[in-house]
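Reviewing the structure listed below.
The values are calculated or read from the model by the stated rules, or taken from the named source; none is laboratory data. Since the model is a prediction, treat every value here as computed from it, not as a measurement. All Cβ positions, even for glycine, are placed from backbone atoms using ideal geometry, and neighbour counts span all protein chains on display. Ligands, DNA and RNA are stripped out before the accessible areas are found, and what is left, the full protein with its side chains, is counted by its heavy atoms. Shrake-Rupley method; radii C 1.70, N 1.55, O 1.52, S 1.80 Å.
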Amino acid sequence: MWAQQQRGIHVSQAELLCKDGCGYYGNPAWQGYCSKCWRERTRNTQADRQENGTSLKNDGGTSLTFSKFEEKKNIEKGRRVNTMRKLLWGTPSPPKRLGESSEGQEAALKAFQSLEPGDFTSFLKLLRKPSSQRLQSRCTAFLNTMEAYHDLPVQKQSDLVHDFYQNVATHFNSLSEEQTTQMMEHIEKLIMTRLHKWVFCHDSCDDEQKDLALQRRIRALKWVTPQMLRVPFPEERSDGSDPFLPAITAIIEMDAKRAPQDKLSCVSKCSQNVFQALASSSCEPANADDFLSALVYVVLKANPPRLYSNMQYIIRFGLPHSLMAGESGYYFTNLSCAVAFIEKLDGPALNLSPAEFEAYMQGRRTIPSSPQVGSEGKRKAMETREQLEELGSRQEKVAQGVQALQEQLQQWVQSVQAQVDEITTLSVSMQTEAVAAQSPPAQVDEFTARSVPAQADEVTAQSVPARLDEVTAQLVSTHLNEVPAQSVMTQVDEVTDH
């Protein structure tokens, strides 16, 4: 089946290169040009606009007033930029001054040569030494100036950062090209780590709105499967996890980085994991079309936070050589193509009719299951069913225990109630006997009372203590409430007193 269908999303190598034919990788964000050609075209366009504005100065009326206003505005912006450049590198000829090396600078360059690739900590230590004071001062001055003018448009800030890259690169002219690239990566990380909070997702651009739109678009396409994208999905793992999970994790981590090269490293790591996942499949070896299709699938599954802002941040402030050539440039260009594909995705791209595509987008159709997805879904469904059955049996046992406890509690309440009724009956009978024992002596005359006191005392001493002992034994054995017992004891005390 795979042999009959076209594999992946077909993009030729020529489509990834710059439109000007310079040999570097282009980018959809630059309308198919590389960063170098795009900046040249942008500057030429701005120069043409300024010339056109100058030619319209003498047209009179409202257009003349507007042209003067625009000319004054452009002059003011140019003055601010020139002021910043003077603050950064003083005289207009910094390359000559940078080329004049002293013994201290030569020693610093030798120390820089001994750095290991990616050892940013050692670079910072060398930058603090007196021999590197000039380079450190320039970096500090640039950072302070950029923070002071952080309200400039983001494109102006991008131009200033790239001008700084070009001028600082002359400081390492005596090094090899590889070592110069390494030093410039350290410089970029030093500068952009500090400027990240000022220039990332700047207020002068609409990156935030485009981030939200892209996230909504990706969320709406969550139903897309690898089979729809014609991705040769790898064999299912023993643990049941997604083979593209490492790539998904890497692309999500991009938002947590600050330096453009660190974000670009996350893109490279994601792409490498995609190739590894494709290599583990039982299909034919992965090619460029498979890679782009799998990358689209990874982006749809990950829905990385602030994806558009992160890509624009890399484009605006990353080193040009990292985007125009090499492995990182190829991976980033494919990521840009994947995002552009997602934004324009329609039914025919997924071998679906427009009606089917709309049905999926509106949730009226369910996601078709593949063999891998189906087996994985069945396995998880069985595990879930077993867990539910176990929970059901445990719940049934708990319900039975609760019912038995309720029955025991009801029986205990009934027994206690019976004992309370019995004690109440005894208390009433004792009250009756006590009243009967008190009333006859009150009705006899004084003589009779004086003549037979011993006999009455003897009867009372024999009957009342015996009755008192019987009631006390019953109260102790039943552990009942104290109120009835106190009532009975009061009556007993009254009988005893009489």
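Looking only at the stretch 283-292, filter to residues that are open to solvent by 20 Å² or more (accessible area, probe 1.4 Å) and assigned to a helix (DSSP H, G or I); which one of those is nearest to S268 (Cα to Cα)? For the stretch 283-292, the residue satisfying everything is A288.
One line per residue, one yes/no per condition, for (1) exposed (fewer than 15 other Cβ atoms within 10 Å of the Cβ); (2) under 27 Å from R306 (Cα atoms); (3) under 20 Å from the mean Cα position of the chain (by Cα); (4) free of Cβ contacts under 8 Å to residues at least 24 places away in the same chain:
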{"position": "L175", "(1), (2), (3), (4)": "no, no, no, no"}
{"position": "M192", "(1), (2), (3), (4)": "no, yes, no, no"}
{"position": "S204", "(1), (2), (3), (4)": "yes, yes, no, no"}
{"position": "L212", "(1), (2), (3), (4)": "yes, yes, yes, yes"}
{"position": "R219", "(1), (2), (3), (4)": "yes, yes, yes, no"}
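Each residue in the stretch 150-179 was checked for being at pLDDT 90 or above and either among the hydroxyl-bearing types (S, T, Y) or touching a Lys or Arg at 6+ places or on another chain (Cβ under 6 Å) (or both), and 2 of them qualify. Looking across the stretch 293-330, the residues that are in a helix (DSSP H, G or I) and small (G, A, S) come down to S293, A294, A302, S309, S322, G326, S328, G329. Cβ-Cβ distances below 8 Å connect the following pairs, each with a first residue in the stretch 116-129 that is of a type in the set (K, R), a second residue that is assigned to a helix (DSSP H, G or I) and surrounded by 14 or more Cβ atoms within 10 Å (Cβ to Cβ), and a separation of six or more residues or different chains: R128/Q136; K129/A108; K129/A111.
Flag set for N144, criterion: in a helix (DSSP H, G or I) and either loosely packed, with under 15 Cβ neighbours inside 10 Å or modelled with pLDDT of 95 or more (or both).
Here P153 fulfils each of the conditions (1) surrounded by 15 or more Cβ atoms within 10 Å (Cβ to Cβ); (2) under 20 Å from G318 (Cβ atoms); (3) not aliphatic (A, V, I, L, M) apart from (1). Which is touching a Cys at 6+ places or on another chain (Cβ under 6 Å) and either farther than 19 Å from D255 by Cα or modelled with pLDDT under 95 (or both), of M382, M324, M361? Every option except M324 fails the conditions.
From the residues in the stretch 293-313 that are within 19 Å of the chain's Cα centre (by Cα) and closer than 24 Å to S241 by Cα, which one is most open to solvent (accessible area, probe 1.4 Å)? Of everything passing the filter in the stretch 293-313, K301 is most open to solvent (accessible area, probe 1.4 Å). Give the residue that is farthest from C201 (Cα to Cα), with candidates limited to residues of the stretch 249-263 that are open to solvent by 10 Å² or more (accessible area, probe 1.4 Å) and out of contact with any Pro (no Cβ under 7 Å at 6 or more places or on another chain). Once the filter is applied, the top-ranked residue is T249.
Here is a list: V413, V459, V435. Which entry is hydrophobic (A, V, I, L, M, F, W, C), modelled with pLDDT of 90 or more, in a helix (DSSP H, G or I) and open to solvent by 70 Å² or more (accessible area, probe 1.4 Å)? Just a single option satisfies the conditions, and that option is V413. Taking first residues from the stretch 247-268 that are in contact (Cβ under 8 Å) with a residue 12 or more places away in the chain and partners that are of a type outside the set (A, V, I, L, M) and part of a loop (DSSP other than H, G, I, E, B), the Cβ contacts under 6 Å between residues at least 6 apart in sequence or on separate chains come to I251/P304; I252/P304; D255/P305; D255/R306; P260/G318; K263/K257. Pairs linking a residue in the stretch 372-393 that is under 17 Å from T225 (Cα atoms) and part of a helix (DSSP H, G or I) to a residue that is at pLDDT 70 or above and of a type outside the set (D, E, K, R), with Cβ atoms under 6 Å and 6 or more positions apart or on different chains, are Q372/F233.
Among the candidates G326, G318, the residue that is surrounded by 18 or more Cβ atoms within 10 Å (Cβ to Cβ) and more than 19 Å from R216 (Cβ to Cβ) is uniquely G318.
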